[in-house]
Amino acid sequence: VLAVPVLFKQALENTATEEGKSVSLRCELTKADAAVVWKKGEDTLQASAKYEMKQKGTVAELVIHNAEPEDA
């Protein structure tokens, strides 16, 4: 049996927010509940008060709380 690769059905889009606000980044995958790892450059982001990761079905979401210029 061949494994079907997970692909992006809808890729991330550039999103702007004001400093100090929360911003949500979403992408949609071709397979529900696929493992998603969020990265900033080479660094893997971990769930914390700053970063909130959500996933429902094929939609993965990263919420960045208290956005700062360094989060770009």
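The values are calculated or read from the model by the stated rules, or taken from the named source; none is laboratory data. None of these values were measured; they are calculated from a predicted model. With ideal geometry, Cβ positions are generated from the backbone for all residues, glycine too; neighbour counts draw on all protein chains shown. Surface accessibility is based on the protein's heavy atoms, side chains included, excluding ligands, DNA and RNA. Shrake-Rupley method; radii C 1.70, N 1.55, O 1.52, S 1.80 Å.
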Exercise. Amide H of Thr58: which non-local residues (sequence gap of 5 or more, or other chain) have their own amide H closer than 5 Å, using H built in the peptide plane?
Worked result: Asp33
Exercise. Considering the chain, what Rg and Dmax in Å follow from its alpha-carbon atoms?
Worked result: 13.5, 49
Problem set entry | Full-extension gain in nm, Thr58 to Glu28, via 0.36 nm per residue minus C-alpha separation | 10.3 nm
For this session: With +1 on each Lys and Arg Cβ and -1 on each Asp and Glu Cβ, and nothing else charged, work out how big the dipole of segment 8-71 is about its Cα centre, in Debye to the nearest 20.
Result: 380
For this session: Give the residue from Gly20, Val59, Ala47 lying farthest towards the positive end of the charge dipole for the chain; charges sit on Cβ (+1 for Lys and Arg, -1 for Asp and Glu) and the dipole is referred to the Cα centre.
Result: Val59
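Tell me, what is the per residue accessible area of the chain in Å², probe radius 1.4 Å?
Ligands and nucleic acids excluded, the result is 78 Å² per residue.
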